[in-house]
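Each remark here refers to the structure printed beneath this line.
Each value in this text was obtained by applying a stated rule to the coordinates, not by laboratory testing. Because the structure is a prediction, the values reported are computed rather than measured. Positions of Cβ are backbone-derived with ideal geometry, glycine not excepted, and every protein chain shown enters the neighbour counts.
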Amino acid sequence: MTAVAEAAGATAQAHCEYVLRLADNALIHGQRLSEWCGHAPVLEEDLALANVALDLIGQARLLLTHAGKIEGHGRDEDRLAFLRDQGAYRNVTMVELPNVDFAHTVMRNLLMSAFHVALWRALRASSDAGLAAIAHKSLKEAGYHLQHAAEWSVRLGDGTSDSHQRMQTALETLWPYAAELFTPDAVDDHASTVGIGVTCASLEEPWHALVDPVLGEATLIAPAATPFRSRGKAGVHTEHLGHLLSEMQYLQRAYPGAQW
């Protein structure tokens, strides 16, 4: 293999890896939200959370299909979603953590939706035309997700003493994991350099601009920064992802190649 071919292969691999990170964030977050179906505190929220989950899984389908084309190994959205082992997933750790209570889900939705709004806004200018098109479509959905999470954050945070404490606890639990969203590595740097993606650090300020006013109105206090960094997007996951995948992948693993 020539040096030029090796360089092209490395570029395609980094490109695919970047898109997979976006896809896996949407896929795993959507899977977690789907667990609320039939269990939300009120019927309206049962439907609302299910619809948010469907939006995220729809985004994941587009991104996984795009990643498969970039990879060029014949893997479609189903193979990438259901036939990878745990270490091959590139989602951030926050989205794989199990649901604790409704407050925890609301807070995670707030933090992740704000990130997605900032991300999709930036990726509309991606040099990858396919990714830019997905960003245009996904931005509107992410805006609705953020609005929904923000309204519930204020309602619960500035509500009863119990709802306030639950929201504050959720914030303190999830806040350290948010740092991973803005911690760059070689894949992020490459995507930014060639114009496919954006630097992680550049998203932190617009993310705060979306999150901080909501926390203020909800009377919630963000914890101080810590040196802790989760490493989900590098394939280092918690045991929780393995349990989630065992359910999510069961049919495809048990009946490989089955068509419905």
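Would you check which residues across segment 188-227 are part of a loop (DSSP other than H, G, I, E, B) and over 28 Å from residue 13 (Cα atoms) and list them?
218, 219, 220, 221, 222, 223, 224, 225, 226, 227
Looking at 83, 63, 131, which is the one that is surrounded by fewer than 22 Cβ atoms within 10 Å (Cβ to Cβ), in contact (Cβ under 8 Å) with a residue 40 or more places away in the chain, of a type outside the set (D, E, K, R) and closer than 19 Å to residue 24 by Cβ?
Within the list 83, 63, 131, the selection yields 83.
For segment 234-247, state whether one or more residues are within 30 Å of residue 129 (Cβ to Cβ) and either in a helix (DSSP H, G or I) or not hydroxyl-bearing (Ser, Thr, Tyr) (or both).
yes
I'd like the full set of residues that are part of a loop (DSSP other than H, G, I, E, B) and closer than 23 Å to residue 230 by Cα, limited to segment 133-185.
Passing the criteria: 183, 184, 185.
Report, by residue number, each residue of segment 8-51 that is charged (D, E, K, R) and part of a loop (DSSP other than H, G, I, E, B).
Listed by number, the list holds a single entry, 35.
Which members of segment 193-206 meet the condition of being within 14 Å of residue 18 (Cβ to Cβ) and surrounded by fewer than 18 Cβ atoms within 10 Å (Cβ to Cβ)?
Across segment 193-206, the qualifying residues are 193, 194, 195, 199.
Criterion first (closer than 15 Å to residue 32 by Cα, in contact (Cβ under 8 Å) with a residue 12 or more places away in the chain and either surrounded by fewer than 24 Cβ atoms within 10 Å (Cβ to Cβ) or in contact with a strand residue (DSSP E or B) (Cβ under 9 Å, 6 or more places away or on another chain) (or both)) does residue 93 satisfy it?
Numbers: closer than 15 Å to residue 32 by Cα: yes; in contact (Cβ under 8 Å) with a residue 12 or more places away in the chain: yes; either surrounded by fewer than 24 Cβ atoms within 10 Å (Cβ to Cβ) or in contact with a strand residue (DSSP E or B) (Cβ under 9 Å, 6 or more places away or on another chain) (or both): yes.
In short, yes.
What number of residues within segment 221-252 satisfy the criterion of being among the hydroxyl-bearing types (Ser, Thr, Tyr) and touching a Gly at 6+ places or on another chain (Cβ under 9 Å)? Step through it out loud before you land on a result.
Quick first cut of segment 221-252, residues among the hydroxyl-bearing types (Ser, Thr, Tyr) only: 226, 230, 238, 246, 250.
Restricting the remaining residues to those that are touching a Gly at 6+ places or on another chain (Cβ under 9 Å) gives 238.
Within segment 221-252, residues that are among the hydroxyl-bearing types (Ser, Thr, Tyr) and touching a Gly at 6+ places or on another chain (Cβ under 9 Å) number 1.
When you go through (1) without any contact (Cβ under 8 Å) to a residue 12 or more places away in the chain; (2) closer than 30 Å to residue 42 by Cα one by one for residue 224, which number turns out not to apply?
Evaluating residue 224 over (1) without any contact (Cβ under 8 Å) to a residue 12 or more places away in the chain; (2) closer than 30 Å to residue 42 by Cα leaves (2) as the failure.
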